[in-house]
Amino acid sequence: MPAEEVTPAIVLRNRDYAESDRIVSLLTRDGGKLSGIAKGAKQSRRRFERKLELFSHVMLYFRRRPHGDLVFITKAEAGELAPYDLSDDLGKIALGSYMVELADALIREGTDTSEPYSILAASLGALARHGASASLRQAFELQLLRWAGYELEFRQCRLCGAVPGAQAQTLTFVPTRGGIVCSRCRDGISVTGGVALGAASAAALARLGAAPIETASEAEPGGADSALAIARFVASVLDRRLRSLQFLDTIL
Ligand SMILES: [Zn+2]
């Protein structure tokens, strides 16, 4: 029998199974992204001190199975892990739901997940403490995208490297280029799906993409043009529309 593994983990998705079991998808720090079955999760307080609800932050004890995709979850406890209490506020629930769904969509099983775990853990922690904000959302999106291999460029023109001046200059964010393009370069290329982006918004996104998540809630967010630019890019790399997005857009 495979050895028992232990790792901090965050619940991305769950569903009830049979009378007292639960099937969960988790992002772990040390064991990758996992799907597992927790027998008796709805009843055993001893083994499942912290229930495997959406956003639950748990010390996960599990065994991999030689055959089959689901790992066997033996225990989930609080340990030293801070809970993410999002239940007191609709904005927190909406942004938190979007965060876990985007993480689930961008992270494949079988990859090293210590970095996206840190990004998601820090983001849900900041969300629980400071509430939902556009700046936290943007910092989370940019940093998770960078981990996934999509490092978006907002500091300089993707083509010629020109740094936008302080004057209000309109740039174009081009999803297929993964960054901004200056007005001189724009004329020579296809800008399908492009979004006009103000210099202030581009500067805000450049800062949020590089700053620690913990400080994002107090930072200046990019404007509505930034939100549109990131949304276009996310839609261009995912094969499905995120269910949480509509709810989030009505709340934030
Ligand atoms: Zn240029």
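The values are calculated or read from the model by the stated rules, or taken from the named source; none is laboratory data. The structure displayed is predicted, hence computed values, not measured ones. Ideal geometry is used to build each Cβ from the backbone, glycine not excepted, and the neighbour counts take in all protein chains shown. For accessibility, only protein heavy atoms count, side chains too; no ligands or nucleic acids. Shrake-Rupley method; radii C 1.70, N 1.55, O 1.52, S 1.80 Å.
Annotation note: Cβ proximity below 8 Å between a residue of region 61-80 that is part of a loop (DSSP other than H, G, I, E, B) and a residue that is at pLDDT 90 or above and surrounded by fewer than 17 Cβ atoms within 10 Å (Cβ to Cβ) (sequence gap 6+ or interchain) occurs for ARG64/GLU5; ASP69/SER35; LEU70/SER35.
Kindly establish whether GLU153 is more than 16 Å from the ligand (Cβ to nearest atom), over 21 Å from GLY32 (Cβ atoms) and at pLDDT 95 or above. No, not satisfied. Within region 37-54, residues that are closer than 16 Å to ALA82 by Cα reach partners that are among the hydroxyl-bearing types (Ser, Thr, Tyr) and surrounded by 16 or more Cβ atoms within 10 Å (Cβ to Cβ) with beta carbons closer than 7 Å, at six or more positions or on different chains, in the pairs ARG50/SER56.
Within the span defined as region 168-179, one or more residues are open to solvent by 30 Å² or more (accessible area, probe 1.4 Å), of a type in the set (A, V, I, L, M) and away from the ligand (no atom under 16 Å from the Cβ). Within region 95-115, being open to solvent by less than 20 Å² (accessible area, probe 1.4 Å) and hydroxyl-bearing (Ser, Thr, Tyr) holds for TYR98, THR113. Scanning region 197-212 for residues that are of a type in the set (Gly, Ala, Ser) and either open to solvent by less than 70 Å² (accessible area, probe 1.4 Å) or under 18 Å from the mean Cα position of the chain (by Cα) (or both) yields GLY198, ALA199, SER201, ALA202, ALA203, ALA204, ALA206, GLY209, ALA210, ALA211. Residues that are over 26 Å from SER87 (Cα atoms) and part of a helix (DSSP H, G or I) were ranked within region 116-149; the one that is most open to solvent (accessible area, probe 1.4 Å) is ARG146.
Residue pairs whose Cβ atoms lie under 8 Å apart, separated by 6 or more positions or on different chains, with the first residue in region 15-27 and in contact (Cβ under 8 Å) with a residue 60 or more places away in the chain and within 15 Å of LEU54 (Cα to Cα) and the second assigned to a loop (DSSP other than H, G, I, E, B) and open to solvent by less than 20 Å² (accessible area, probe 1.4 Å), are LEU27/ILE107; LEU27/THR113. Filter region 156-167 down to the residues that are surrounded by fewer than 20 Cβ atoms within 10 Å (Cβ to Cβ) and more than 9 Å from the ligand (Cβ to nearest atom) and list them by number. Those that are surrounded by fewer than 20 Cβ atoms within 10 Å (Cβ to Cβ) and more than 9 Å from the ligand (Cβ to nearest atom): VAL163, GLY165, ALA166, GLN167.
The residues on offer are SER183, SER190, and the sole one that is modelled with pLDDT under 95, exposed (fewer than 13 other Cβ atoms within 10 Å of the Cβ) and within 16 Å of the ligand (Cβ to nearest atom) is SER190. Applying the condition of being free of Cβ contacts under 8 Å to residues at least 60 places away in the same chain and either within 15 Å of the ligand (Cβ to nearest atom) or touching a Leu at 6+ places or on another chain (Cβ under 8 Å) (or both) to region 193-207 and asking which residue is nearest to PRO221 (Cα to Cα) yields ALA202. On inspection, TYR17 qualifies as aromatic (Phe, Trp, Tyr) and open to solvent by 80 Å² or more (accessible area, probe 1.4 Å).
Looking at the structure I just gave you, is THR215 part of a loop (DSSP other than H, G, I, E, B), out of contact with any Leu (no Cβ under 8 Å at 6 or more places or on another chain) and open to solvent by 30 Å² or more (accessible area, probe 1.4 Å)? Taking the combined requirement at face value, the residue does not satisfy it.
Can you confirm whether region 232-244 contains a residue that is more than 16 Å from the ligand (Cβ to nearest atom), of a type in the set (Asp, Glu), under 26 Å from ILE93 (Cβ atoms) and open to solvent by 70 Å² or more (accessible area, probe 1.4 Å)? Taking every residue of region 232-244 in turn, at least one turns out to be more than 16 Å from the ligand (Cβ to nearest atom), of a type in the set (Asp, Glu), under 26 Å from ILE93 (Cβ atoms) and open to solvent by 70 Å² or more (accessible area, probe 1.4 Å).
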